[in-house]
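Everything below concerns the one structure shown next.
The values are calculated or read from the model by the stated rules, or taken from the named source; none is laboratory data. Predicted model only: the values in this text are computed from it and were never measured. Here the Cβ positions follow ideal geometry from the backbone for every residue, glycine too, while neighbour counts run over all protein chains shown.
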Amino acid sequence: MKASYRWLRELVPQLTASTTDLAARLTSAGLEVEGLIEFGLASEACLVVRVVSCRPHPTKSGLRLVTVDRGGSQQEVVCGAPNVPDLGGLVVLAPLGVYLPAKNVTIAKRAIAGVESEGMLCSEDELGLGDDHDGILVLAPDCATPGTTLAAAVPAARDTVFEINLTPNRPDGLGHIGLAREIAALYNFPFVLPDFATAGGMERAPSALSVRDLVTIVVEDAERCPHYGAAAVVDIAVTASPSTRYRLQALGVRSISNVVDVTNLVMLAWGHPLHAFDLDRVRGNTIVVRRANDGEKLTTLDGVTRELVSDDLLICDGQGPVALAGVMGGASSEIHEGTKRVLFEVACFDPRGVRRTARRHGLHTESSHRFERGVDPGDVESVLDHAVGLTVALAGGQPAAGRIHVQHAHSCAVPAPPAKRILTLRVARLRALLGVDVPFDEAIPILERLGCSVVAKSSISCDVLVPTHRPDLTREVDLIEEVLRVRGLDSVPAQLPAIRASRDVGGREELARRAREIAVSVGLSEAITYGFTSARALEAVGAPKPTVLLRNPLGEHHAVMRTSLLPGLLDAVAHARRHFERDVREFTIGQVFLAAAPSGDGLPTEQLRIGVVLAGDRPGWLEKPQPLDVWDAKGYAVGLTERLAGASALVQVEPATRDELTEIASHLHPRGAAFVHVNGRRIGAFGLLHPDAVAALALDGDVLVVELTLESFAEGIPIPQYAAIPRFPASTRDVALLVRDAVMAGEVESAVRAAAGPLAERVRLFDRFTGGHVAAGFASLAFRVVYRASSGTLTDAEVDAAHANVVKVVGERFGAKLR
Amino acid sequence: MDAVSDPTVETIELEITAALASLREAFLPRFRAAATAQALRDENAKILGKKGELTAILKLLGKAPPEGRKAIGEKVNALKQEVESGFESCLSNLRLREREAELSAPPFDLTLPARVPAQVGHKHPISIVREEVVAVFRQLGFAVFDGPEVEHEGNNFTALGFPPDHPATDMQDSFWTQSNHVLRTHTSNIQVRAMKSIAPPMAFIAPGTVYRRDDDATHSPMFHQIEAFLVDKDVTLAHLKGVLAEFAERLFGPGTPVRLRPSYFPFVEPGAEVDIGCVFCKQPNGTRAGCSLCKHTGFIEVLGCGMIHPVVFENCGIDPEVFSGFALGMGLERLAMLRYGVPNIKLMFDNDPRFLAQF
C-alpha cells in the first residue's frame, strides 16, 4: 500500500511527526513501512515562470529562445518543446544548479546549438511528476505569481509516499482513512471522519431523476455478493483532471479522466474498490450479479478474452457480462470521453470467491487485492457519497436522487447497518498473556481510539463492540494484541521462563547429527539435496518406484519424492563436472519417501539415510594421482558403518550376486557392487555406478556410490565394555599362498582364520601379488597371523602346530601352495 | 707350539715389546683416518678382533716363559685399554662430526605441500547453523520433536487456523501430493503433532526441511526452518521476549539488540517479527553504523514469533484458558546466508565442492 503523507495530514491535521518518525511509529505498530519515496522533490527548487517573449533559435529549427519572468528578473532559455504557451502562460523553470532526481542531472549553463541557456523549462517527466515528456508542463493561467516554487504553487506536486507492507489481516490499512484512524490512535489524536456527503458538489440540488428510474439491479447470488450499492450522476462532462493528477501519480496510479480518477481516489481513501459504468452503455438499463456459465466469455479491460467457469461471479447488463466482480471490468461499459451518465457500484463481495477468481485468471488487481482481504461492509453509503460528491466537484452534473442497495438479495433505499461483533475483554487476561499489568484505564481508551466502543464494563471485564472496518478482531486475544500494538512491544519486559524440560521425541535430528559428524571426520563434505526428483532419475539408479507423486510440481525434474538419495547426489557430481571440478567426495543425509505402512496414518514412510558419492582422484601426497576405486567406496561404506554401529557390532561386506543386482541394485556395476551388513542385517549397498546409469544421467564418467539406511543406528552405539589388555607376548607368522586369481581373498582369509584356531588373535592380508614369478592365472596372497594366548607365553611348538593347520587347510580347500 | 721349545725369554719379550711399540704408534692415526663409523669399527676389528693384531701379539705371550708372562701381559692389556679408549673417543668424535654435518645440511623443503593425516570434510553451512541453533535451544531446556515432511492438510494448515481458502493452501503456493497430502510448508506442523500427542508442559524445537512453491534468486522450493515452542501454565509474551533475547545473545554474541515488530501469522496472536542488531555493521562500541545489508536501519529480520493462538490450542485439545504458550520460527537459509555472506540461495543447493569447502 502506498500512502500519501500530504493526504494523511489532511485527514489528521494535528499530525506533525516527520515522515521518518511516522514511518518508525507505523512500523513499530505492525504496519511495516518498507520505504519512503520522495515524490516531486524537484518541485521545491523549480520555479513557476511567465513566458514574456519567444523567438526562433538563430540556427536550429525546432528550438526556440524563450524569455521568462521569474519574479523580478528575466532570463532567456533555449527550449525544444513544441508546446511553449502564448505570452503570459505559466511554465516551470529549473534554474542553474538545480538537481532533477528523475533524470539524475544537475542543470548547468550550456550552449544549445550555439546559444547559451541558463536553465531549462521542464516537462512532467523531467520533474518526476509523471511520464509525460511530449512537451513542457504548462500550468493553469494565474495559478501562482512568477518566482514562486512549483511546490508552493501546486502543493500536490510535492509529497512523501510511504510504502507500507500491510499484513493480510488489516484491510482497513488499504485506504487513507483507515491509516489516518490508525495514526490518530497511535499518536492519541482525535479522529473525525470527513463529511463527504456535504463536501464538494453535494449541496447541488439532485436531479429530478431517481436512480431507480435509471437502472434496475438484481443480485442473484447474495452469498457471493451480500451487498450491492449504486448511485448515479447525470449530465457530467468527462475531461482531463489536472487537480487530481499528482496525488494519483504519487500513489502510482495514472490519471485517466475526472470520473475514472474519482473511482481511484475514493478507493484509495476508503480501501473499498468501486466501479463506474457508462450508464448509456448498460444495455437494458439492468445490472445483474450472477455466477458465470461454464464456458461463458468476457473480454476484460486488459484486452484478454477470458473463458469463465461457474465459480466466477459476474456483473452483467441486460445482455451479458460486463465485469468480473471485484476483479476487473470489461471494455464494453467503460467510462469514455463522451460519457454523460455514470453509475457507481460499491459492493461487498465474498473475499474467498474473489480470491478464487483472481487466482484462476491470474489477475491481481488493486480491486481484487482489497476484496480478498475484506472490505468494510459498513461504509457502502459513505463511499457512494464520496464518489458522487467528488464527481459533481470534478465533472459537474447532478446526482440522481436516491440510492439502490441490494442487501442479502433484498432491495432497499437505506442499507441496514451490518451486525457488529461484541467481544469480552478481561483485565486478568491482559496480564496472563502479556506478562505485564495493563489496567482498563489504559486499555479501553486505546480500543476506543481504534474505533471500538465499550458497551458494558465491570472492574474485571468489559464488552467491546468491534467496528465493521476491523474484520480481524474476532476474539478477546485480538483486542489484547491491539492494546499491545498501540502501547508498543517495548512496553513488555523480557523475562526468561522456568522451563520444565521435555525429552526428545523421535531421534532423527540426533542421529543425523552423529552421522554428519562421522562423515565429515572421514573426509566427506555435506551436500543438501532436494527431497523431490524425477521418476526417470530414480529409475536410472534402480530405486523403488516413487509412491509420492506431486500434483503440482515445478517441473518434471522435481515431480516425485525421492526413494533414493542418489539422484540428488549425482546431480551434484554432474554440476561439479560441468564446472570442471572432477574431485567430488560428498555425502547427504535425508529422508527417502517409501510406501505408507499399511497400519499407519496414510502418510508415506519416511526413512533417514546417508548417501555418498565419490568421483575423481584419491587424495594423496606427491604421487601420481590415482582414481578412486571400489575399494575406496568400501572404505567409506565400512568406515561410516563401523563408527555408526559401534565397536561391538559385526560389520560385514557381502559382494552382490547377479540375481541380487538385478532385483535390488541394478544401478551398480555387476563386477563392483556389494552389500553392507550390520549384525547380519543388510543396511545398504555400495559400488561403482553401472555404465547404463552413468549414461542415463549424462554423468560423463565413473562415479562410486554408497547408500545406507540410518534407522538401525537410532539407538546410538552400545556402551563399549573393557577387555583386558594382553599381558603375554604374541608370536607372528607370515604365510604366502599361491591361489588361482579368481579366488576371493576374503574367503581365503576366513579360512585362514578358522584354521588358525582360537590362538589366532588377528589375521591380516598384507600383500596381494600377481605377475613376476607368479604364474599367469594365479595370485600370491600373503597373510600375517598373530598368535597369542591370554594364559601365558606360547611355545614355538604350539604356534607351529596351529600354523601348520593353516597351510594344510587352505591347501586342501583352495589348492593353495606355499610360496 | 710348545713353550719349552721356544727360544729365549728375552727374544720373545723383545719381539712383543717391539710389536706393542709399533702398534701403539700406529693405531691412533689409523683410527683417525677412518671417515665413517663403519670404517672405524673395521679398523678397530683389525686390531682387537679375533684375528686382530693385538690378539696376535697376545698369542705370542703363550710362548713366553711363565715367570715373564705377567709383566708382558700387563703391557699388552695396557695397550688394549689404550686402543679401546682411542676407539671410543674417535667414535664419539666421528658421531659429533656426523651430527654436525646432518644439522648443517640444506633444510627440508617445507614449501612442499603438507601431508594431511586424514582429509577432513566440511559440514554444509545450513547444517552448521542448524546445529548451533539446536544447541542453543537445548541449553535453554528445549528438546527436539521430529515430524514428517509429507503431512496431512489438517496438521499443516487447518489446526493452525488457516482458513480453507487461504492462499498458502492452494496449488499455487504449496506442493500437494496425489494422495492429497501437502509437503509441509513450515515446521509448525510439529506444534500440532506435539500438542495432540503430549500433555503440557512441553518445550520443543523442530528443525526440518520445508517446501513452498517458489523458485527464484531469493527463494528455493525446498528450504529449512527451526521452530521452537513452549506450552505451560502462565507462559507470557514476556517469556517469549526473554527467550528471544537469550537466543540472540548466544547465537549472535553478547549485547545483540532484539527488536519486535507486531506482525501477523494465522497461528499466533499477538504475532511479531523479530529483528536483531545488524551483524555486518556492528561497531566496536556495540552500535550499528548502518549498511546495505540492513538497508541502513541497523537491524535485520531473522524470525517470526508470537503467542500460540487460542484456536490452535482448541484444535489440539488443549484448553487455552488453562495453558498458554509461545512459538517462534526462523529460516535457516537466511541465517546462513547472512552469516556467511552468501548472495544467492541457489548456491546452497548446487553442492559445488568449491562452495562446501569454504565452511
Checklist outcome for this item: Filtering the range A:202-222 for residues that are farther than 16 Å from A:Cys316 by Cβ and either aliphatic (A, V, I, L, M) or at pLDDT 95 or above (or both) leaves a count of 6
Checklist outcome for this item: Note on the range A:522-536: residues within 28 Å of the chain's Cα centre (by Cα) and either crowded, with 18+ Cβ neighbours inside 10 Å or at the interface with another protein chain (Cβ under 7 Å from one of its Cβ atoms) (or both) are A:Glu526, A:Ala527, A:Ile528, A:Thr529, A:Tyr530, A:Gly531, A:Phe532, A:Thr533, A:Ser534
Item to check | Residue among B:Leu183, B:Leu251, B:Leu260 that is closer than 28 Å to A:Pro493 by Cα and within 9 Å of another protein chain (Cβ to nearest Cβ) | outcome: B:Leu260
Checklist entry - Can you find even one residue in the range A:657-666 that is out of contact with any Gly (no Cβ under 6 Å at 6 or more places or on another chain), β-branched (Val, Ile, Thr) and closer than 17 Å to A:Glu747 by Cα? => result yes
Item to check | Leading residue by the ranking (farthest from A:Asp767 (Cα to Cα)) among those in the range A:777-819 that are of a type in the set (Val, Ile, Thr) and assigned to a helix (DSSP H, G or I) | outcome: A:Val799
Checklist entry - How many residues are within 17 Å of B:Ser263 (Cβ to Cβ), loosely packed, with under 15 Cβ neighbours inside 10 Å and not charged (D, E, K, R) if we restrict to the range A:18-42? => result 1
Next on the checklist: Return the pair list, or none, for Cβ contacts closer than 7 Å from residues in the range A:566-579 that are over 22 Å from A:Arg609 (Cα atoms) and at the interface with chain B (Cβ under 10 Å from one of its Cβ atoms) to residues that are crowded, with 24+ Cβ neighbours inside 10 Å and among the aliphatic types (A, V, I, L, M), at least 6 apart or on different chains.
Outcome noted: A:Ala576/A:Val584
Checklist entry - Looking at this structure, is A:Leu538 out of contact with any helix residue (DSSP H, G or I) (no Cβ under 8 Å at 6 or more places or on another chain), in the same structural domain as A:Val703 (by TED's automatic domain parsing) and over 30 Å from B:Ser197 (Cα atoms)? => result no
Next on the checklist: Can you tell me which residue is surrounded by the fewest Cβ atoms within 10 Å (Cβ to Cβ) among those in the range B:229-247 that are of a type in the set (A, V, I, L, M) and touching a residue at least 40 places away in the same chain (Cβ under 8 Å)?
Outcome noted: B:Leu244
Next on the checklist: Going residue by residue through the range A:745-759, is there one that turns out to be among the aliphatic types (A, V, I, L, M) and either modelled with pLDDT under 90 or outside any helix (DSSP H, G or I) (or both)?
Outcome noted: no
Checklist entry - If A:Glu606 passes every condition in (1) touching a residue at least 24 places away in the same chain (Cβ under 8 Å); (2) in a strand (DSSP E or B); (3) not aliphatic (A, V, I, L, M) but one, which one does it miss? => result (1)
Next on the checklist: Residues to consider are A:Val259, A:Val238; find the one that is in the same structural domain as A:Ser332 (by TED's automatic domain parsing) and not in a helix (DSSP H, G or I).
Outcome noted: A:Val238
Checklist entry - Which condition does A:Gly639 not pass, out of (1) in contact with a helix residue (DSSP H, G or I) (Cβ under 7 Å, 6 or more places away or on another chain); (2) more than 8 Å from every other protein chain (Cβ to nearest Cβ), if it passes all the others? => result (1)
Item to check | Lone unmet requirement of (1) out of contact with any helix residue (DSSP H, G or I) (no Cβ under 7 Å at 6 or more places or on another chain); (2) surrounded by 11 or more Cβ atoms within 10 Å (Cβ to Cβ) for B:Ser127 | outcome: (1)
Checklist entry - Are there any strands (runs of 3 or more DSSP E) wholly within the range A:1-62 with 2 or more residues that are within 14 Å of chain B (Cβ to nearest Cβ) and of a type in the set (D, E, K, R), and if so which? => result A:32-39
Checklist entry - Considering only the range B:195-210, how many residues are buried (at least 21 other Cβ atoms within 10 Å of the Cβ) and within 7 Å of chain A (Cβ to nearest Cβ)? => result 4
Item to check | Every pair of residues 6+ apart whose Cβ atoms lie under 7 Å, when the first sits in the range A:420-443 and is buried (at least 16 other Cβ atoms within 10 Å of the Cβ) while the second is of a type in the set (Lys, Arg) and not in a helix (DSSP H, G or I) | outcome: A:Leu423/A:Arg475
Next on the checklist: Considering only residues that are acidic (Asp, Glu) and farther than 13 Å from A:Arg813 by Cβ, which ones fall in the range A:730-781?
Outcome noted: A:Asp734, A:Asp741, A:Glu761, A:Asp767
Checklist entry - Do the conditions hold for A:Ala802, that is, is it over 60 Å from the mean Cα position of the chain (by Cα) and small (Gly, Ala, Ser)? => result yes
Checklist outcome for this item: When every residue in the range B:141-161 that is farther than 27 Å from A:Ala519 by Cα and surrounded by fewer than 20 Cβ atoms within 10 Å (Cβ to Cβ) is compared, the one nearest to the other protein chains (Cβ to nearest Cβ) is B:Gly141
Checklist entry - Residues B:Thr36, B:Thr8: which one is polar (S, T, N, Q), at pLDDT below 90 and either surrounded by 11 or more Cβ atoms within 10 Å (Cβ to Cβ) or under 60 Å from the mean Cα position of the chain (by Cα) (or both)? => result B:Thr36
Checklist entry - If the Cβ limit is 9 Å and pairs must be 6+ apart or interchain, which residue in the range A:695-706 that is closer than 15 Å to A:Asp617 by Cα and in contact (Cβ under 8 Å) with a residue 60 or more places away in the chain pairs with which residue that is part of a helix (DSSP H, G or I) and acidic (Asp, Glu)? => result A:Leu704/A:Asp632
Next on the checklist: Condition (residue is among the β-branched types (Val, Ile, Thr) and within 30 Å of A:Met328 (Cα to Cα)) applied to the range A:433-456: is it met by at least one residue?
Outcome noted: no
